[in-house]
Structure formats: C-alpha cells, structure tokens
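Visitor: Structure incoming, see below.
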Amino acid sequence: MPPAATAAGGARRARPPTSITPPPPGPKVPLRRLLRAASVASGIQFGWALQLSLLTPYVQELGIPHAFASLVWLCGPLSGLVVQPLVGHVSDRLSINSPLGRRRPFIAGGAAVIAAAVLTVGFSADLGRLLGDSKEPGAARPRAVVVYLIGFWLLDVGNNATQGPCRALLADLTGKDHRRTRIANAYFSLFMALGNILGFATGSYSGWYTVFPFTMTSACSINCANLKAAFLLDVIILAVTTFISVTSVQESAYITVEDSNSHDTQEAFLWELFGSFRYFTLPVWMVLIVTALTWIGWFPFILFDTDWFGREIYHGDPDKGLVYHNGVGMGSFGLMLNSVVLGLTSVVLERLCRKWGAGLVWGVSNIIMCFCFSAMLVIAYLAGNADYGPNGLPPDGIVIASLVVFTILGAPLAVTYSIPYAMVSSRIEPLGLGQGLAMGILNLAIVIPQVIVSLGSGPLDQLFGGGNSPAFAVAAIASFFSGLVAILGLPRSSQTRTSRSFTPRARTQGRHGHHGHHDNHGPHR
C-alpha cells in the first residue's frame, strides 16, 4: 500500500492503521459479466418500489395516523446506520476461501432476509388476526401493526445488507479503472430502473387478488390482498436475479494490511468506521456533503409520492372510499414513467459525465429536482382551488402535470443512483479503507438525512394542516443547495489534474499513461 493520500493543499495524511490491499491486476472482467453481476439490483428494487408505492397507504389502512406514518420509515435509516457499514467492514476482511467469495455471501443472505421480510409484511394483517386482533370492521389492529413493523425492520436490514456488498463487488471487479466503475454503476442504476418499472407497474395494478385469489381473507381487504400478491411476485423475481448475480463472476483475493504502529489489530468496528473520517480528503467530504443534501431532497418524495397523489391531487382519504386508492394507483403509474426515464438516463450517463464532468451533471440534476419539487407545490395549490365536478375526479390538466413532474424526476434519480457511488469509490480507494467500508460510509450520508426527514416530515406536515407540502418545500430548498455545492465544490476536470492531490502511486501511473486511473469528472485530456 502506498503512503496515504495528500490533501488538496499538499499536506500529507497518514495512512489508516488498517488498510485493504487489492490483488495484483488481472484480466478485465467483461462488461457482460458486470451487467450480470449488477442484475440483482432489479430484484431488490422491485421490492423497494412496492414499498414506496404501497406501504405508506397500507400503514394508514392498518390504523397508523398520517402524522406518524413517516416515523414507521425511521426503521430503515436506524438499521442502515449500523448494518450497511458493518456488513461492508466485515466483507472487506472476509476470507474468500468459500465458493461464494467475500461479497456474494452477503448478497445471497441479504436477499433471503428480504424474501422473508416481504412475506411477513404482506401477511401482517392475517398474522395479526391469528394473534388476537379484533374481527370488527374499523377496529384497531395493534398486533398486525407490530408484525408489520417487525417485517419492515427485517426488510430494511436485508436491503442494507445486500446493496452495500453489491456496490462494493462492482468496485472490486472494476479496480482502479474509474471509467469502468462508472459504467458498472450505470448498469446497477439501469437494473434499479428495470426493478422500479416492474415494481411500480405491479403496484398500479389493482387486480392481483383475482390472479392469486387465496390472498383474499377475512382479515385482508382487496388493497391488502393486492399488496400480498405483489410481494409474492417479488420473492420470485428476487430469487432469479440473485442467482444470476452470484453465479456471474468470481472474486479475487484482497489482503488486509495492519499498520505496525497499531496498538490493537482487532479495532472495534465503530471506532474504525468513525476513526476513518480523519483520513478523508476534501474531495471525499464534498461528495458526502452533496450526497446528504441530495437525500434530504429525495426522502420527502420517496415517503409521500403516492400519498401526495391520493391526498392532494385526488383529495381522497385513506379510510374513506376508493378515491384515495385511485390516486395511489395513478401515483404508481407516474413512478413507473419515472423509472423509464431513469433507465434511459442511465444508458447515456457515462457519456454525459465524460463530456461535462460528473460534478456538473450531478449539480444540474439537483437543480432540476428543485424545480420539480417546487412545481409539486404549485400543482397542489392549484388542485386545492380547482373545481372537481360531480364525479369528484381531478381535472385532467392537474393529473397530467403531476405525471410529467414524476416522469422528469427520473433523470436526477438516475444520477443519484450512480454518480455518488462512482465518485466515492474512486476517492476512497487511494486511502486504502476498502470498498465495503466506503459504501458503508456513503450510506451514512444517506441515512442520517433520512432520520431527520422521518422524524420531522410527518409532524411538520400535520402542523400545517396534514398535507405534504411543507416536506416538499424543504425538499426543494435542500435540492437547490445540493446542486449549488455540487457545481461549485466538485471539480469538472479529469483525474489527470486532480490525481496529484492523492498518492505518489497515482502520479507515477499517470506519467506512464495508465488512463484507467482517471476519475469520473469528465473526459480525458
């Protein structure tokens, strides 16, 4: 391992006491294998899309008030604060004597947890009835809520245990070739888009209970049965994509190097996680700051997108009639369109980064987010003052404008799913921290904003009348500042210029013309 990275100003940083030395360079993994390795993202994202489109309305159907619905989603960030960094840390140091290597056991194990969790969530109403919930219509279902929360916790643990190793595996397979790292992350984003399309299309269809009639029970309404059937499909798709991913590639051996000055070679995980912050260069911190602001923008949308459609566009109530659920279905359709744009953007993202620079692409995409969230505020205001007529349905113009905003947001979502991971991978590698830990560190910049949004958005919305507009106002402000910081703080030039702030090895290899070491800021020059 070379001496540690130097800061932008030239001051040299010490190497972490524990570092990960990659194996000697071998033959490049073919792009088609990288494509197959990334395919598990579609199975994971299929279930995630079902979460986004169906679970916020479902928890309110179980009896959890809208003001506290966002608190249910607090499970995810709390598990993500520990699970993903811990899994990344352990997978960095796992022996690869097993047939699956060091990343793939976590991918397979996490997928199994996801499958068990979605079945628990889907059957929570039935399990609650078996445990003693009242059979009276409209009665509280506390046992079903508890079962649901257990399943939801497991679901987020599984998601966090799977996605970090998936990203780290792609970084391992592409090595120091940052262009291929961007391509691999674009593949991952493309499969996430495919999973989103399938998931949101599934969530927008209200007739799954007729395909799986056994899902209809005395404890489970039509909406509950549709959710249950959709999660059964998720288990099948997840099993297929996980098998394709874990059998597509072989992993190479990495070596854990302990510094001779380290007093304890078995450092506590949290100490190593938070202690690694002192080795970060300014470019690493800038990526983390932009990531955190970006996700403060995204989480209100993720939490309340279909609920916004049901409440503020269709003027429905989760507990009264089908109007709200029709709105949720239309919101799921909008998210499906969003995912189509996400996939198309993922295909051209590498070319955009080479032409304009990843920092500029990221910044512009976040400004687009700001305009879209602001447009949602305007649309909600117009919907609140529009004449809905005798049928109670919103005017076509309101619905179309809402769908257009949902669709446009697919482009910045593709950027969010790809560029931050490629950027942090290329900046962490010279520090010798290991790609698994790097993905866990980036996850902290995602889940901490989620904790803030989960704690504040529901009560804030309730304070201003029970709608979602206050949370979207915060999202628009955060998106604007994240875009501004990305444009001004993330360099647009190629790594040829910026690699001098990292390691002597990077400078030496740059002189020898190893173009694979260019970062993801733009075209090689």
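The values are calculated or read from the model by the stated rules, or taken from the named source; none is laboratory data. Since the model is a prediction, treat every value here as computed from it, not as a measurement. Glycine gets a Cβ as well: all are built from the backbone with ideal geometry, and neighbour counts include every protein chain shown. Surface areas here come from the heavy atoms of the whole protein model, side chains and all, with no ligands, DNA or RNA. Shrake-Rupley method; radii C 1.70, N 1.55, O 1.52, S 1.80 Å.
Visitor: What do you reckon, how do Trp48, Trp362, Trp153 stack up by accessible area (1.4 Å probe), largest on top?
Guide: Values: Trp48 40, Trp362 0, Trp153 100 Å².
Ranked list, largest accessible area first: Trp153, Trp48, Trp362.
Visitor: Order the peptides 218-226, 441-449 from the highest to the lowest mean number of other Cβ atoms within 10 Å of their residues.
Guide: Top to bottom by mean Cβ count within 10 Å: 441-449, 218-226.
Visitor: Quick query: amide H of Thr217 versus all other amide H atoms, modeled in the peptide plane; which residues come in under 5 Å with a sequence gap of 5 or more or a different chain?
Guide: Here nothing satisfies the definition.
Visitor: Ignoring solvent entirely, what values of log10 I(q)/I(0) come out of the Debye formula for the stretch 131-175 at 0.16, 0.25 Å⁻¹ when each Cα is a single scatterer?
Guide: Treating every Cα as an identical point scatterer, log10 I(q)/I(0) equals -0.59, -0.84.
Visitor: Quick one: which of 281-294, 348-361 comes out on top by average Cβ neighbours within 10 Å, and what's the full order, highest first?
Guide: So the order, starting with the most tightly packed, is 281-294, 348-361.
Visitor: Hey, another quick one. Which order do the peptides 183-189, 334-340 take when ranked by the mean count of other beta-carbon atoms within 10 Å per residue, highest first?
Guide: The most tightly packed comes first, giving 183-189, 334-340.
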